[in-house]
């Protein structure tokens, strides 16, 4: 386990000299015309996450991903490949499937046409009655490009989009040490939220809000401005790498139970052995790395095998352009995604997938955003946020606190008092995200 070098594609995420200075105006969040431009020039060209490879284990297993008014089926083939098709019958356009399940073929509920999982038409009622000739074996559902990375199934509507790994670069290289395919989704919630989808990407592109919005975080993740490392990449992706140790700036009151003490004790380190708070935070963090290096195998933390010193103790919070964020934690992956409402720019859905790496002998895990959960694949819960009342399972969690801010931000985007964001250096990635979005909308990408 060694320290990972900085990737050569890294751009300093605190240096505004890397930006053009494009304004972040309110109409980007409220305008139906802007929403349509995003669809025409960006959403139809990027790679989308349809689901997880764990949902497609056997031939015929499928997931459906609905996005605005479009719908896509991703289905495991007999040869083990995964193919993606538009979810529209080639007869008259009827939707063929919903949700996730397993089938031998897709049968249209309208006229009974049956499509093989390879997309080829197998059966049509009164096949002899077509002036064009029997369509069976000739017609095929319209196929999209499909690929996998990180245990996720991705597709793109653009035949000319870069290959998935090129689109994601350099994330597959940076996170190659994490056995992402082995993570178990132990909590799965989709939330209807009254805000534009970009709120989440803006929010997850900076940690400047943490002290105010998430006071529970600094005692165990050091997000101080000069401690966290801010990185961005040419494809529009970015990350904030934060040491999982107490902040030296924001401290709990003397005598309050400290979460870092619990983490140290988990790995056989006595938090009382340090002479002062600063030493416990800084040397304790180094001792934690050493303890994990020494004990991971005997304790069943097999996912640590290839991780470097940063990965076994720190928290790279990563945005994948335009709408996916993954928190890479030593024992967890937390996947966040917002997707726009079909028609209303002031609404979106927010996906929360809490995933955990299996540890030998453990049947319950800490999900990070939804408390302790059984180590098993969870079923989806779909709720309205309803000012927090609709999601009691995550009340008080970091993501809940973010969502409590979302609707106020959306209302603010309608105000004549707002013209453009006035950003700190550590919020450079927020403007970079909007500039990459503008590159798509204005034909530079």
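Let me confirm something: among 342, 330, which residue is touching a helix residue (DSSP H, G or I) at 6+ places or on another chain (Cβ under 8 Å) and either assigned by TED's automatic domain parsing to the domain that holds residue 285 or farther than 20 Å from residue 236 by Cα (or both)?
330
Please determine whether any residue of the range 359-377 is in contact with a strand residue (DSSP E or B) (Cβ under 6 Å, 6 or more places away or on another chain) and within 30 Å of residue 32 (Cβ to Cβ).
Looking for residues that are in contact with a strand residue (DSSP E or B) (Cβ under 6 Å, 6 or more places away or on another chain) and within 30 Å of residue 32 (Cβ to Cβ), one finds none in the range 359-377, hence no.
Restrict the check to the range 61-69 and report whether at least one residue is within 30 Å of residue 345 (Cβ to Cβ) and loosely packed, with under 14 Cβ neighbours inside 10 Å.
yes
If a residue has to be surrounded by fewer than 18 Cβ atoms within 10 Å (Cβ to Cβ) and in contact with a helix residue (DSSP H, G or I) (Cβ under 8 Å, 6 or more places away or on another chain) to count, how many in the range 224-243 make the cut?
Final tally of qualifying residues: 1.
Just checking, does the range 224-245 include any residue being over 22 Å from residue 317 (Cβ atoms) and outside any loop (DSSP other than H, G, I, E, B)?
Within the range 224-245, none of the residues are over 22 Å from residue 317 (Cβ atoms) and outside any loop (DSSP other than H, G, I, E, B).
Give the residue that is farthest from residue 159 (Cα to Cα), with candidates limited to residues of the range 15-37 that are in contact with a helix residue (DSSP H, G or I) (Cβ under 7 Å, 6 or more places away or on another chain) and buried (at least 19 other Cβ atoms within 10 Å of the Cβ).
Out of the qualifying residues, it is 24.
Just name the residue that is farthest from the chain's Cα centre (by Cα) out of those in the range 118-133 that are surrounded by fewer than 15 Cβ atoms within 10 Å (Cβ to Cβ) and assigned to a loop (DSSP other than H, G, I, E, B).
131
For residue 340, indicate whether it is in contact with a strand residue (DSSP E or B) (Cβ under 6 Å, 6 or more places away or on another chain) and surrounded by fewer than 17 Cβ atoms within 10 Å (Cβ to Cβ).
Criteria not met by residue 340.
Looking at (1) more than 18 Å from residue 146 (Cα to Cα); (2) surrounded by fewer than 20 Cβ atoms within 10 Å (Cβ to Cβ); (3) over 29 Å from the mean Cα position of the chain (by Cα), which one does residue 115 not meet, given that it meets all the others?
With (1) more than 18 Å from residue 146 (Cα to Cα); (2) surrounded by fewer than 20 Cβ atoms within 10 Å (Cβ to Cβ); (3) over 29 Å from the mean Cα position of the chain (by Cα) applied to residue 115, the lone miss is (2).
Without any contact (Cβ under 8 Å) to a residue 40 or more places away in the chain and either buried (at least 18 other Cβ atoms within 10 Å of the Cβ) or outside any loop (DSSP other than H, G, I, E, B) (or both): which single residue out of 281, 291, 256 fits that description?
291
Residue-by-condition table, conditions (1) at negative phi; (2) surrounded by fewer than 18 Cβ atoms within 10 Å (Cβ to Cβ); (3) in the same structural domain as residue 328 (by TED's automatic domain parsing):
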| position | (1), (2), (3) |
| --- | --- |
| 372 | yes, yes, yes |
| 387 | no, yes, yes |
| 397 | yes, no, yes |
| 400 | yes, no, yes |
| 421 | yes, yes, yes |
| 427 | yes, no, yes |
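The values are calculated or read from the model by the stated rules, or taken from the named source; none is laboratory data. Small disclaimer: the values here were computed from a predicted structure and weren't measured. Virtual Cβ from ideal backbone geometry, glycine too; neighbours counted across all protein chains shown.
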